Amino acid sequence: MRGLAAINPQSTPERWERRVHLGAHPVLYPVIRGLGAMGPVVRIPGLGVLVSEAGLVREVLMSQDAYVKNGPSGSGALWTPVVGPKALVNMDGEEHRLLRRRLGDLFTPRSVEGIVEPAAAVLKARLHGDLDAHGRVDLVDCVKELAGGVISRLLGVPDDAPGRLADRELFDLGSSISSLVRLGRPTLTAGQVAKGKSAVAVLAGPVRTAYRESDPGTFPGRLRELGMAEDEAMGIISAFVMVGTETLVSFVPRLVALLADSGRLSELAADRSVVPAAVNEALRFTVPSPMMLRDAVVDGSIGGTKVFAGDRILLSTIHAAKSLGGFDPAQATPQQARQLWFGAGPHFCIGMPLAMAEINTTLELLLNMYAQRPWLIAARQVSRGVLIPGYRKLELAHA
């Protein structure tokens, strides 16, 4: 592949990414990376079995009969008290497979265009408006608004609906649910469940209205056409709102920072054929889903390490991906690690086309702006004490 040369591991992009991770997890990040360096599989007393090699992470994700998402300490079980038992993210086995098949046509690249395009139009106006009026624009806040706009389409909320929450408010609502999760927290407390249910109740109003109106032009209406019960539709939409907000807002500003810090913006603005490789490598290097959880339901072994039924399995996608080297879009990702940040096997992220549409649309807008008049990163702050590492602020200004 031409262009997109590798960068020095001690360069600005690498240093900023480390600061992003340490801001979120100042103790846990170096511990996880250190334990991962000790071996591909390490048993951590009181926490679980840490798997840090890409091929073994993929093996666990593919082994649905041995390692489940909906076990007592798996990530899926966290959400059941909040969204109900049939929200896809907390299902396993044949029931999960059948529901996923029914939902498949809703998340093709063509299908998600109608969800993303209206929100992208708002984003474009915001980017240009803030830069022209104020000389700066906070990309993090813009992407939060974009995510909120996508949420509003998932909920089936008309733009002119009385009392409609602003897009940014919808993002904050989704974020308030996803922020309940912590790596060391196998279950939610009663207070956290109540907080999650309260946020879901706010989402429920427009979803139920759109569902009952049976409008096939809305996402809830299409779920009804597929034969989903109203509560099932509510659970599915709530799950998508929860799992798709923080990761997107984490990744897009980090992608832009990586491209700016490595001096690649001019090349990508001039030659869009190299954009897919840059985006895929940024996904590999930033790892938007840094850890995945599973429960072992049978005795077995992972990479030669004995595993027992009931063990909590910690899949360190962050170590598995980052151990492959620094940010280098010219280097192909090894097969065992490809798209690992979206999962693998039965639980591969069904919303991946929607996420990629949001990512590609935002980057395309920014590159178009750069081609017309170059911009640079004027200021940035990393987020601290959050589950998903990211920037709290990333201000862009004209060069």
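Would you confirm whether any residue within segment 245-253 is over 30 Å from GLY71 (Cβ atoms) and touching a residue at least 24 places away in the same chain (Cβ under 8 Å)? Looking for residues that are over 30 Å from GLY71 (Cβ atoms) and touching a residue at least 24 places away in the same chain (Cβ under 8 Å), one finds at least one in segment 245-253, hence yes.
Taking the criterion of being assigned to a helix (DSSP H, G or I) and surrounded by 17 or more Cβ atoms within 10 Å (Cβ to Cβ), the residues of segment 368-399 that qualify are MET369, TYR370. For segment 282-307, give me each residue that is more than 24 Å from ASP141 (Cα to Cα) and of a type outside the set (A, V, I, L, M). Residues satisfying the conditions are ARG294, ASP295, ASP299, GLY300, SER301, GLY303, GLY304, THR305, LYS306.
The single condition among (1) modelled with pLDDT of 85 or more; (2) touching a helix residue (DSSP H, G or I) at 6+ places or on another chain (Cβ under 6 Å) that VAL60 does not meet is (2).
The sole residue among SER301, SER323 that is hydroxyl-bearing (Ser, Thr, Tyr), touching a residue at least 24 places away in the same chain (Cβ under 8 Å) and out of contact with any Ser or Thr (no Cβ under 7 Å at 6 or more places or on another chain) is SER323.
Among the residues of segment 52-76, those that are assigned to a helix (DSSP H, G or I), of a type outside the set (D, E, K, R) and buried (at least 18 other Cβ atoms within 10 Å of the Cβ) comprise ALA54, LEU56, VAL57, VAL60, LEU61, SER75, GLY76.
Identify, please: which residue in segment 209-260 is in a helix (DSSP H, G or I) and among the hydroxyl-bearing types (Ser, Thr, Tyr) and is, among those, surrounded by the fewest Cβ atoms within 10 Å (Cβ to Cβ)? Ranking the candidates gives THR209 first.
Condition test on VAL49, is it crowded, with 19+ Cβ neighbours inside 10 Å, of a type in the set (Val, Ile, Thr), at pLDDT 90 or above and outside any helix (DSSP H, G or I)? Spelling it out, VAL49 is indeed crowded, with 19+ Cβ neighbours inside 10 Å, of a type in the set (Val, Ile, Thr), at pLDDT 90 or above and outside any helix (DSSP H, G or I). Within segment 221-263, work out how many residues are closer than 15 Å to PRO389 by Cβ and aromatic (Phe, Trp, Tyr). Number satisfying all stated conditions: 1.
The values are calculated or read from the model by the stated rules, or taken from the named source; none is laboratory data. Not measured: the values here are computed from a predicted model. Heads up, the Cβs are rebuilt from the backbone with ideal geometry, glycines too, and the neighbour counts pull from every protein chain shown.
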